[in-house]
Amino acid sequence: GHITRQETVSMIPPVVLNAQEGMAILDMCAAPGSKTCQLLEVAGGIGNSSPSPSNDGDDGKDEEKGQELEPKGYVVANDADPKRAYMLVRQLRRMNSPAVFVTSCDGQYFPILDDDKAAKGTMEEGTFHRVLADVPCSGDGTIRKNPGIWKHWNQLGSLALHPLQLSIALRGARLTRVGGYLVYSTCSMNPVENESVVAELLRIGEGALVLEDPRSRMKGLIARPGWSSWRVLRENKNRTRRAMKDWKKKNNAKMLAKRKEWEEKKAKEKEEAGENDGTNGDKDGGEEEEGPPAKEAKLDENQTAGGGGGEEKKEEAKEEKYVPSPYETIPYVPPKTWDDEALRERTTSL
């Protein structure tokens, strides 16, 4: 035979769902399949149909022919991840029941199987008698058996999962028949993933959904009322993971040694600059500094020290010396007049 290990808290949602034999049940996030097996044991019971009437007088043989083994209800097990859905199939093979149907699609967009417009607004509206939405969550409620969650936990996880959880719950509510049950469950203790989703679901339903307390029909169930108000945590910009990682990177031993070396170098340069300033001040108070050396004019190769040709070339250089135009100003200053002489001078300067 086969044995399946299942935790006690994992058994509570199918029990709260109050599944009964012959019902149509949808498990929106079924993998790994322990809850699905639990629902299948109840809803997918196999019984004998009534025997067909006999015409040949052999009642015993006709009763044996009329006995047909058929499931009275069925379970649709869905999971968005194909790999997890394959694991779900392997788990359900242990049950060996024909009353289960495995699908792999996003729970937010699970198709409406029976979209009968005539049934809208009546007791026949909907597809499934029971819907279980065991949605993806941060899993902080399993810390006692998985302490590694603390290492990666932050408040942003629940805020990111909230829209997904609400979308799956809304789809499940639309697939539930009038008068049926929708059970929403998580493995988290964060009110953003629990009470917040249920409150928004009831608000959007506008009276079409009613919150029911199962303790009245389940003796021995230990529970307490949910929160009606809670705080939404936000992350300090200076304490984010990225900021902490950058801080550790900038304050490791290697960076601290380099920073100290750089500060010492800067302090040394500052001291040297102060000493140089003091030396220059002493020179100003004592002797006057000598001016810069006069630039020596280069003589042309053909020019001689005592030749007359050199004096002529000096005069030509003086005449050809470039004189900037008054219009070459930044910012631009327009001329006073725009006559031909002003335009000619401006054109020459450009």
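The values are calculated or read from the model by the stated rules, or taken from the named source; none is laboratory data. These figures come from a predicted structure and were not determined experimentally. Ideal geometry is used to build each Cβ from the backbone, glycine not excepted, and the neighbour counts take in all protein chains shown. In case anyone asks, the SASA skips ligands and DNA or RNA and just uses the protein heavy atoms, side chains included. Shrake-Rupley method; radii C 1.70, N 1.55, O 1.52, S 1.80 Å.
Tabulated data for the structure shown
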{"item": "Local electrostatic count, VAL100, Cβ distance below 15 Å [Lys/Arg +1, Asp/Glu -1]", "result": "+1"}
{"item": "Accessible surface of the range 150-213, 1.4 Å probe, proportion on carbon and sulfur as whole %", "result": "59"}
{"item": "Other-chain or far-sequence residues with amide H under 5 Å of MET189's (modelled H)", "result": "ASP140, GLY141"}
{"item": "Per residue solvent-accessible surface (Å²) - the range 123-274, probe of 1.4 Å", "result": "73"}
{"item": "Distance-filtered residues of the range 186-208 - backbone nitrogen under 17 Å, label point 7 angstrom along VAL232 Cα→Cβ", "result": "190-204"}
{"item": "For MET23, residues with placed amide H under 5 Å, excluding near neighbours", "result": "TYR74"}
{"item": "Probe 1.4 Å, all protein chains present, accessible-area order of ARG90, ARG241, ARG171, ARG84, largest first", "result": "ARG90, ARG241, ARG84, ARG171"}
{"item": "Options SER216, ASN194, ILE168, ranked by Cα towards positive dipole end of the range 163-220, top entry (Cβ charges)", "result": "SER216"}
{"item": "Residue-level accessible surface for SER228, protein heavy atoms, 1.4 Å, Å²", "result": "110"}
{"item": "Two-site FRET efficiency, THR142 against GLU264, from Cβ-Cβ distance with R₀ of 45 Å, rounded to 0.05", "result": "0.30"}
